[in-house]
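Working notes, beginning with the structure itself.
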């Protein structure tokens, strides 16, 4: 009886090469599918935030909550309507805390793939991947004068273009039309002296967390992905110029953007 033939070395190498080639083709696809699933989960989180904010405004005749008690007081409506909502604080793509610091205050700052940390009422620490639009706030007569910037109510025209809560590297920011983009991806935050002179408040939200964009909850309580360059076309406050220098309508060209952003869609 003849013995069965074994695989030759060449045949084994060919099989291994084919398997390696298939893995090389499939791995990027699997990674994209995985990130897409996490992006959908992130939008689901923001939808839950939208339900909480919607219930708050319904009970307060459309009036928005004050955000000036602490940097993370925007969480109060969520705690009230969704007390067991810790999981909603983190985008699945950015759930592991990094060691970066913010302005020397000892508060960890987030990155594209990590959340931020800050203190809440009573000194409790909050870790989250989302940040508020700083112009979404009811007027606190003891701490703030309204110069026509604040969104004090959600009952306004064009609420679907007013961002409320977004993927962010900090608990929030107050962008202006002339706010420049970060010079490089996950660029270090500027000092306050520069912030005051340049209005540099867009950097917390300008992160490539979801394939060229971030997820955002809007003031009509809808959720969608926002392109990074699209951030400058949103209505951050009532007098915000959505055709400013960093938009196509304002004359911005692809080469005007930092190199890391030039491949993203223009708006």
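Residues 235, 157, 225: which one is outside any helix (DSSP H, G or I), surrounded by fewer than 20 Cβ atoms within 10 Å (Cβ to Cβ), under 20 Å from the mean Cα position of the chain (by Cα) and at pLDDT 90 or above? Spell out the reasoning first.
On the way: 235 fails: surrounded by fewer than 20 Cβ atoms within 10 Å (Cβ to Cβ); 157 fails: under 20 Å from the mean Cα position of the chain (by Cα).
Of the residues listed, the single one that is outside any helix (DSSP H, G or I), surrounded by fewer than 20 Cβ atoms within 10 Å (Cβ to Cβ), under 20 Å from the mean Cα position of the chain (by Cα) and at pLDDT 90 or above is 225.
Go through the stretch 1-32 and give me each residue that's surrounded by fewer than 10 Cβ atoms within 10 Å (Cβ to Cβ) and modelled with pLDDT under 75.
1, 2, 3, 4, 5, 6, 9, 28, 29
Determine whether residue 177 is surrounded by 15 or more Cβ atoms within 10 Å (Cβ to Cβ), at pLDDT 90 or above and in a loop (DSSP other than H, G, I, E, B).
Numbers: surrounded by 15 or more Cβ atoms within 10 Å (Cβ to Cβ): yes; at pLDDT 90 or above: yes; in a loop (DSSP other than H, G, I, E, B): yes.
Yes: the conditions hold for residue 177.
So if I check each of 70, 98, which one is at pLDDT below 65 and either exposed (fewer than 15 other Cβ atoms within 10 Å of the Cβ) or in a loop (DSSP other than H, G, I, E, B) (or both)? Before you say what the answer is, go through the steps one by one.
Details: 98 fails: at pLDDT below 65.
Result of the check over 70, 98: 70.
Just one of 212, 110, 123 is under 29 Å from residue 259 (Cβ atoms) and either at pLDDT below 85 or crowded, with 18+ Cβ neighbours inside 10 Å (or both); which is it?
Details: 212 fails: either at pLDDT below 85 or crowded, with 18+ Cβ neighbours inside 10 Å (or both); 123 fails: under 29 Å from residue 259 (Cβ atoms).
When all the criteria are applied, what remains is 110.
Looking only at the stretch 44-64, count every residue that is in a helix (DSSP H, G or I), touching a residue at least 40 places away in the same chain (Cβ under 8 Å) and either in contact with a helix residue (DSSP H, G or I) (Cβ under 9 Å, 6 or more places away or on another chain) or surrounded by fewer than 17 Cβ atoms within 10 Å (Cβ to Cβ) (or both) and tell me the total.
At the first step, the residues of the stretch 44-64 found to be in a helix (DSSP H, G or I) are 44-59.
Narrowing further to those that are touching a residue at least 40 places away in the same chain (Cβ under 8 Å): 45-51, 53-54, 57.
Among the residues that remain, those that are also either in contact with a helix residue (DSSP H, G or I) (Cβ under 9 Å, 6 or more places away or on another chain) or surrounded by fewer than 17 Cβ atoms within 10 Å (Cβ to Cβ) (or both) are: 45-49, 51, 53-54, 57.
Residues in the stretch 44-64 being in a helix (DSSP H, G or I), touching a residue at least 40 places away in the same chain (Cβ under 8 Å) and either in contact with a helix residue (DSSP H, G or I) (Cβ under 9 Å, 6 or more places away or on another chain) or surrounded by fewer than 17 Cβ atoms within 10 Å (Cβ to Cβ) (or both): 9 in total.
Out of all the residues in the stretch 183-198, is one or more modelled with pLDDT under 90, crowded, with 22+ Cβ neighbours inside 10 Å, assigned to a loop (DSSP other than H, G, I, E, B) and out of contact with any helix residue (DSSP H, G or I) (no Cβ under 6 Å at 6 or more places or on another chain)?
Looking for residues that are modelled with pLDDT under 90, crowded, with 22+ Cβ neighbours inside 10 Å, assigned to a loop (DSSP other than H, G, I, E, B) and out of contact with any helix residue (DSSP H, G or I) (no Cβ under 6 Å at 6 or more places or on another chain), one finds none in the stretch 183-198, hence no.
Looking at the stretch 140-154, which of the residues that are farther than 13 Å from residue 239 by Cα and touching a strand residue (DSSP E or B) at 6+ places or on another chain (Cβ under 9 Å) is modelled with the lowest pLDDT?
Narrowing the stretch 140-154 to residues farther than 13 Å from residue 239 by Cα: 140-145, 152-154.
Among the residues that remain, those that are also touching a strand residue (DSSP E or B) at 6+ places or on another chain (Cβ under 9 Å) are: 152-154.
On the way: 152: 85, 153: 88, 154: 90.
Here the residue is 152.
The values are calculated or read from the model by the stated rules, or taken from the named source; none is laboratory data. Please read these numbers as outputs of a predicted model, since none were measured by experiment. Cβ atoms come from the backbone with ideal geometry, glycine included; neighbour counts cover every protein chain shown.
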